[in-house]
Structure formats: structure tokens, C-alpha cells
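J.: Have a look at the structure that comes next, please.
The values are calculated or read from the model by the stated rules, or taken from the named source; none is laboratory data. In this text, all values refer to a predicted model and were calculated from it rather than measured experimentally. Reconstructed Cβ throughout: ideal geometry from the backbone, glycine too, with neighbour counts over all protein chains shown. To get the accessible areas, we keep the full protein, side chains included, count just its heavy atoms, and leave off ligands, DNA and RNA. Shrake-Rupley method; radii C 1.70, N 1.55, O 1.52, S 1.80 Å.
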Amino acid sequence: MNTRWWESYLVRYFIGFIVGAGCVATIASHFVTDESLGKLVSISKDGKPDWSVIFWMLSLAGLGYCYVASTPITVLHAGRYGRGPVDSQSRYFWLSWILVLLTSSIPGFTSACFLYPIAGLLLCSALLMLLVRMGKLARSAVDVSDKKNVVVISTCLWFLMLLVITLSINHFLPIKSPSWVLPVLILGYPIVWIGFVQYAVLWRLLFEQEKVEDFYKKLFHARRQKNARDVRDTYTHLREHSNSVFSVLIEFWLLAFIFSLINIYSLTFGKLDLGNFFQILGIGVAIWVLPTVFMWSRANAMESSFSTDPIGFLGSSVDD
């Protein structure tokens with residue numbers, strides 16, 4: 001019997017379900033009117049309002065929101081066998097995003113205008129090429145001090161690029177946009193990065209099947225060594241607890257991204273119709289979850305390799 005109840009998936013991910021319901025309620029508040037809300041709230045026999053229909057609707061929608069929001073973690077987890085030129089830039093993105101988020105909180109930041117968006121795009125392209133170069137240097141650097149310099153320089157370049165993008169977006173925002181729209185949109189930047197990275201990881205998975213299988217062969221061999229359970233428990237606990245926090249954060253970032261886009265659309269073209277919202281949302285969800293669907297084919301490919309070469313995966317000279 002497992003007495004460590006805090007390790008249960010139900011306990012660790014229940015908060016994601018609660019947060020998901022809150023996110024759905026926040027998004028729905030943009031479309032729900034008093035009239036439509038009244039149709040969902042019935043009156044009980046004792047004359048009190050019955051909110052059970054709304055409760056169950058939010059519960060199911062929150063569960064679905066939590067599940068869909070966290071799907072990229074599966075792809076990122078599958079790509080742990082190695083790092084490519086895109087996902088190797090993740091640390092620099094996260095550090096620079098925090099800096100941009102802090103910068104956007106400075107009074108008067110939203111009133112700044114980037115007058116030359118075309119020049120900004122050219123600058124972003126130049127910085128992106130430099131970032132790719134810095135990524136190669138980061139992987140080839142040996143001296144610890146050199147690696148620290150690479151991290152600092154790459155983070156600064158990413159910060160400049162995100163700052164240029166942010167100011168360019170601010171230039172095109174409607175004049176009557178509230179001051180909170182841009183900071184909330186910045187809060188949702190990770191959604192764009194996570195969506196992009198999972199496609200980069202998927203690309204590697206599709207064309208580096210041998211590297212994937214070689215990684216798992218070594219991992220399976222290592223797990224079968226004597227006393228390997230302690231090592232496995234250590235990194236598994238760290239990763240699983242991080243995943244539960246990461247899932248909740250993705251839900252908040254996704255809420256910020258969707259909510260800011262809804263308000264920008266409404267300020268530009270008028271109130272967003274619920275039908276158009278679901279149409280756009282459907283396209284967005286398809287793009288978001290598509291890489292996860294490909295994991296089915298990657299699992300089948302590994303199954304086929306395992307069936308033809310079980311000794312290669314499991315080995316015969318290791319301790320059970």
C-alpha cells in the first residue's frame with residue numbers, strides 16, 4: 001500500500017481542474033449575458049436558485065480545458081532524448097520573458113510607440129540568426145565562465161527581440177485599448193513559444209527515430225541496474241511535481257492569451273460573436289494538440305522496433 005498520498009495524480013492535478021474551471025468561467029463572462037445566465041439557473045421548490053447546471057457545465061469544461069492545455073507536455077517529454085537548435089533556446093526565452101514582463105510593469109511603458117515596425121522585424125530576424133549562433137556556441141563551450149557569458153548574452157538578445165516585438169504590437173493596438181491589455185498579452189507569450197517548440201520537437205522525433213530508440217535502450221538498461229530505483233524515484237518525483245505546476249501555469253498563460261486576443265478583437269472589430277469564437281477556438285485547439293496526435297505513430301514505431309529487436313532494448317547482461 002502506498003502511504004505517500006501526495007504522489008497521487010488525483011491530488012497533484014486536482015488543482016489544475018479547479019483552475020481550469022475558473023479559466024473557463026472567466027472566458028465565458030465575455031459572452032454570457034444576464035438573459036442567457038437566467039436560462040441556465042432554475043428555481044428549486046423552495047424558491048431558491050439552483051446552480052447545479054452551471055456547476056456541472058463548468059466542471060466538465062474545466063476538466064477539458066485542463067487536459068487540452070497540458071497536452072504539449074507529452075511532446076516535450078518525448079523530446080527529452082536530446083536538444084535541438086530551437087528547444088535549446090528555451091532557457092533564454094524564459095529568462096528574457098520574465099525581464100519583458102517586469103519591464104512592462106514600469107509606469108508609462110504602454111504609452112511608448114515603436115515607430116518603425118518594419119525595422120523592428122528586420123532587427124528580430126538579425127537577432128534570431130545571432131541566437132542560433134549563440135545556441136551552437138552554448139553547446140560547444142567547455143569553460144564554465146564561457147557558458148555563463150553565453151547565457152547572459154543570449155538572454156539579452158532574446159530580451160531585445162521580445163521587447164521589439166512587444167513595442168511593435170503596442171504600435172498596432174487600438175488607441176482605446178485599456179492599459180492592462182498589453183501586459184496581459186505579454187503574460188500569454190509562453191503559449192506561442194510552447195506551441196512553436198512542440199512542433200520543433202515533433203520535427204526531430206519524425207526524423208531522428210534512431211536517436212530516440214538509442215536513448216530509450218540506454219535508459220532501459222540503466223533502469224535495470226541494481227539500486228537504480230532510488231535514482232529513478234528522485235528524478236521522477238522532481239519531474240512529476242514540476243509537471244503539475246507547469247500544467248497550472250499553462251492554464252493561466254492560455255487564459256491570458258485568449259482573453260487579451262478577445263478584447264483586442266472586440267476593440268478593433270466590435271464584440272466577438274460566440275459562433276466566430278468557437279470557430280477560431282477550434283482552429284487554435286487543432287494547432288495546439290496536433291503534435292500530441294503524432295505521438296501515437298511514434299509509439300507504434302517504437303513498438304515495431306521492440307518487437308523485432310527485444311534484446312537491443314532490454315539487454316541480457318544487466319541485473320534485475
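J.: Which percent of the accessible heavy-atom area of the stretch 194-320 goes to carbon and sulfur, probe 1.4 angstrom?
T.: About 66 percent, which is the carbon plus sulfur part of the accessible surface.
J.: Could I ask something else about it? Using 0.36 nm per residue of separation minus the Cα-Cα distance, give me the extension gain between Thr234 and Arg298 in nm, one decimal.
T.: Difference between extended and current length: 20.4 nm.
J.: Keeping all protein chains in place and using 1.4 angstrom, which order do Arg232, Arg204, Arg239 fall into by accessible surface area, from largest down?
T.: The most accessible residue leads, giving Arg232, Arg239, Arg204.
J.: What is the distance, in nm, between label points placed 7 Å from the Cα along the Cα-to-Cβ direction at Phe14 and at Ser242?
T.: Here the answer is 2.6 nm between the modelled labels.
J.: Classify the stretch 249-298: rounded, prolate or oblate, from the alpha-carbon gyration tensor (a ≥ b ≥ c, eigenvalue square roots; a/c under 1.5 rounded; otherwise prolate if a/b is larger than b/c)?
T.: Oblate is the answer for the stretch 249-298, as a/c is 1.5 or above yet b/c matches or exceeds a/b.
J.: On to the next question. Want the number for Asp214 to Ala25: 0.36 nm per residue separation, take away the alpha-carbon distance, what's left?
T.: Contour length minus Cα-Cα distance gives 63.5 nm.
J.: Taking the Cβ of Val201 as the centre, find all other residues whose Cβ is under 13 Å away and add up their charges (Lys, Arg: +1; Asp, Glu: -1).
T.: +3
J.: Turning to a different aspect of this structure: For the stretch 211-320, what does the relative contact order come out to in percent, with C-alpha contacts under 8 Å and a separation of six or more?
T.: The normalised contact order for the stretch 211-320 reaches 61 percent.
J.: Cβ neighbours within 10 Å, averaged per peptide: list 170-182, 244-256 in order, most packed at the top.
T.: The peptides rank, most packed first, as 244-256, 170-182.
J.: Given points 7 Å out from each Cα along the Cα-Cβ axis, report the Leu267 to Leu60 separation in nanometres with one decimal.
T.: 3.5
J.: Further question on the same structure: Can you give the accessible area per residue of the stretch 198-320, in Å², using a 1.4 Å probe?
T.: Value returned for the stretch 198-320: 62 Å² of accessible area per residue.
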